[in-house]
Amino acid sequence: MTGNSAQQAPQLGAVRWWLMSVAALIAIMVLVGGATRLTESGLSIVEWKPVTGTLPPLNDAQWAQAFEGYKAIPQYRELNAGMNLSEFKTIFWWEWSHRLLGRVIGAVYLLPFLFFLWRGVLGGELKRRLWLIFGLGALQGAVGWWMVASGLSQRVEVSQYRLATHLVLALLIFAAVVWTLRRLSERPRSVAPSRLKITAMVLLALTFVQLYFGALVAGLRAGRVYNTWPDIDGSLIPSAARLWFEEPWWRNLFDNTLTVQFEHRMTAYALLALAVLHAVDTVRSRAGAAVVAGAWWLVAAIVLQATLGILTLLRQVPIDLALTHQAVAIAVLTLAVFQAERLAARRVVRGSDKLALQVGQPG
C-alpha cells in the first residue's frame, strides 16, 4: 500500500460507516412507513411543512388545530367519524415519526457528505454517485407529499400508484447506497460465466418488480381478500373474466384486487424459481465460494419471504407479520444487490481517481 492510499484508508473507513448508517436508517424508514400504512396513519397530517413541521403540536390549541385539519378530509368523514383526540394522536405520532425520520436521514446524509467533500476524500466517480443518491433523496421527499396529497380531497386513502412509487424509490435509494458501499472495498477476484452475471441482474430487477406489486397489494388492501393458498378465488388460476373485467385491460394490473394479488403471487414463484436455477448454476459453474454462498443465501431469504407472505395472507394481514414480511423483503433486496454487484465487472471506488482500481472479474 502506498503512503497516499494508507492516508486515505481511515477516511474511506469513515465513509463506509457513514453509508452503512444511512442504509440502516432507510431500512428503518421503510418499516416505519409500512407501520404508518397498516395503522391508517398516513393522512393524519394534512400539510407539508418541511421546516416548521419538524415540531409536533405543543399545546391543546395546536392539537385541536391539527385535529380539525384531519376532520376536513374524506378519510375522517367516511372511515373515522367520531374519532376522539386521543385516537387521533395515535395515528398522528406514526405519521410525524415517519416524516421526522425522513428529515433525520436527509441531515445524516447531507452533513457528512459536505464534510467529506470539504476534506477532499471523495473521488470524481464516487462524488457523482453520491450526488445522484442525494438528488433521489430530495425527489423522495416531494414524492412523499405527492402521495399524501392524493388522499386529501376525493379519496379516503392514498393512491396505490403513488404509494408504490414512493416505496420503490425509497428502496432504489437503499439499493444504490448498498451498491456504492460494496464498491468501496476490494475482494478476491473470481471468474464466472456471463450468464451468471445476467441472471443476477435479472434477479435484482425482478425483486424490484415484486416489491412494486407488493406495494400495490398494500395500497389496495388486497391482502385482506382471497385469504387462501395455494388456491385463489377458488382455483389455482382465476378465470380470465375475473382477472380482466376492467377496461382498458391494463388497469386490472394496478386496480383489480384479484389481479394484483395474483400477479404478486406469480412473481414470487418466478423469483424463487430463478433464484434456485441461478444457485444451481453457480455450483455447476464452480463460480467461487462467495458467489455460490451468495446465491444460496438469496434462495433462503426468498423462501422465508414467501413463507411469511403466505402466513400474512392466511391470517389477514396482522401488523406484526406484515412488518416482518416487509423487513425480510429488505433483506432479499440487500442479498440481490450483493449478488449482482459481486458478479458485475468492478471498478473499486477509492478516495481519489488516481487510486481507482479496475477489476475485470467479479469478486
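The values are calculated or read from the model by the stated rules, or taken from the named source; none is laboratory data. From a predicted model like this one, the values you see are computed outputs, not experimental measurements. When we count neighbours, we look across all protein chains shown, and the Cβ atoms used for this are built from the backbone with ideal geometry, even at glycine. Heavy atoms of the whole protein, side chains included, go into the accessibility calculation; ligands, DNA and RNA do not. Shrake-Rupley method; radii C 1.70, N 1.55, O 1.52, S 1.80 Å.
Out of PHE213, PHE262, PHE254, I need the residue that is under 20 Å from ALA329 (Cβ atoms) and in contact (Cβ under 8 Å) with a residue 60 or more places away in the chain. Which one?
Being under 20 Å from ALA329 (Cβ atoms) and in contact (Cβ under 8 Å) with a residue 60 or more places away in the chain holds for just one of PHE213, PHE262, PHE254, which is PHE254.
For the residues LEU313, LEU271, LEU298, the requirement of being within 26 Å of THR39 (Cβ to Cβ) and open to solvent by less than 40 Å² (accessible area, probe 1.4 Å) singles out LEU313. All conditions but one from (1) open to solvent by 30 Å² or more (accessible area, probe 1.4 Å); (2) touching a residue at least 60 places away in the same chain (Cβ under 8 Å) apply to ILE73; the one that does not is (1).
When the residues of the range 31-67 are filtered to those that are in a loop (DSSP other than H, G, I, E, B) and of a type in the set (S, T, N, Q), the one that is surrounded by the fewest Cβ atoms within 10 Å (Cβ to Cβ) is ASN59. Contact map, the range 228-251: residues that are free of Cβ contacts under 8 Å to residues at least 60 places away in the same chain paired with residues that are outside any loop (DSSP other than H, G, I, E, B) and among the polar types (S, T, N, Q), Cβ distance under 8 Å, separation 6+ or inter-chain. Pairs shown: ILE232/GLN261; LEU243/ASN252; LEU243/THR259; TRP244/ASN252; TRP244/THR259; PHE245/ASN252; GLU246/ASN252.
Only one of the listed residues (THR324, THR259) is assigned to a helix (DSSP H, G or I), open to solvent by 30 Å² or more (accessible area, probe 1.4 Å) and not hydrophobic (A, V, I, L, M, F, W, C). That residue is THR324. Residues in the range 236-256 that are over 21 Å from VAL317 (Cα atoms) and either polar (S, T, N, Q) or open to solvent by less than 50 Å² (accessible area, probe 1.4 Å) (or both): PRO238, SER239, LEU243, GLU246, ASN252, LEU253. Residues that are under 18 Å from LEU298 (Cβ atoms) and among the charged types (D, E, K, R) were ranked within the range 327-346; the one that is surrounded by the most Cβ atoms within 10 Å (Cβ to Cβ) is ARG342.
Take ALA192 and tell me if it is part of a loop (DSSP other than H, G, I, E, B), over 29 Å from PRO318 (Cβ atoms), touching a residue at least 40 places away in the same chain (Cβ under 8 Å) and more than 18 Å from the chain's Cα centre (by Cα). Don't jump to the end; show me each part of the working.
Working: part of a loop (DSSP other than H, G, I, E, B): yes; over 29 Å from PRO318 (Cβ atoms): yes; touching a residue at least 40 places away in the same chain (Cβ under 8 Å): yes; more than 18 Å from the chain's Cα centre (by Cα): yes.
Criteria met by ALA192.
In the set PRO50, PRO56, only one residue is farther than 24 Å from THR334 by Cβ and modelled with pLDDT of 90 or more; that residue is PRO56.
Pull up the range 1-20, narrow it to residues that are in a helix (DSSP H, G or I) and modelled with pLDDT under 60, then point me to the one that is surrounded by the most Cβ atoms within 10 Å (Cβ to Cβ).
Here is the first cut: in the range 1-20, the residues in a helix (DSSP H, G or I) are 3-20.
With modelled with pLDDT under 60 added as a condition, the list becomes 3-9.
Working: GLY3: 7, ASN4: 12, SER5: 15, ALA6: 9, GLN7: 11, GLN8: 19, ALA9: 11.
So, considering only residues that are in a helix (DSSP H, G or I) and modelled with pLDDT under 60, the one surrounded by the most Cβ atoms within 10 Å (Cβ to Cβ) is GLN8.
Condition test on ALA23, is it open to solvent by less than 30 Å² (accessible area, probe 1.4 Å), modelled with pLDDT of 95 or more and at negative phi? Don't jump to the end; show me each part of the working.
Values: open to solvent by less than 30 Å² (accessible area, probe 1.4 Å): yes; modelled with pLDDT of 95 or more: yes; at negative phi: yes.
When the stated conditions are applied, ALA23 passes them.
With respect to GLY102, is the statement that it is surrounded by 17 or more Cβ atoms within 10 Å (Cβ to Cβ) and either assigned to a helix (DSSP H, G or I) or of a type in the set (Val, Ile, Thr) (or both) true? Break it down into steps so the answer makes sense when it comes.
Numbers: surrounded by 17 or more Cβ atoms within 10 Å (Cβ to Cβ): yes; either assigned to a helix (DSSP H, G or I) or of a type in the set (Val, Ile, Thr) (or both): yes.
Yes.
Inspection of the range 145-163 finds no residue satisfying the criterion of being farther than 26 Å from ARG77 by Cβ, part of a helix (DSSP H, G or I) and open to solvent by 20 Å² or more (accessible area, probe 1.4 Å). Does any residue of the range 141-158 turn out to be of a type outside the set (Lys, Arg), modelled with pLDDT of 90 or more, in contact with a helix residue (DSSP H, G or I) (Cβ under 8 Å, 6 or more places away or on another chain) and farther than 15 Å from GLY42 by Cα? No, the range 141-158 has no match at all.
Every listed requirement among (1) modelled with pLDDT under 90; (2) more than 16 Å from ALA149 (Cβ to Cβ) is met by ALA61 save one, (1).
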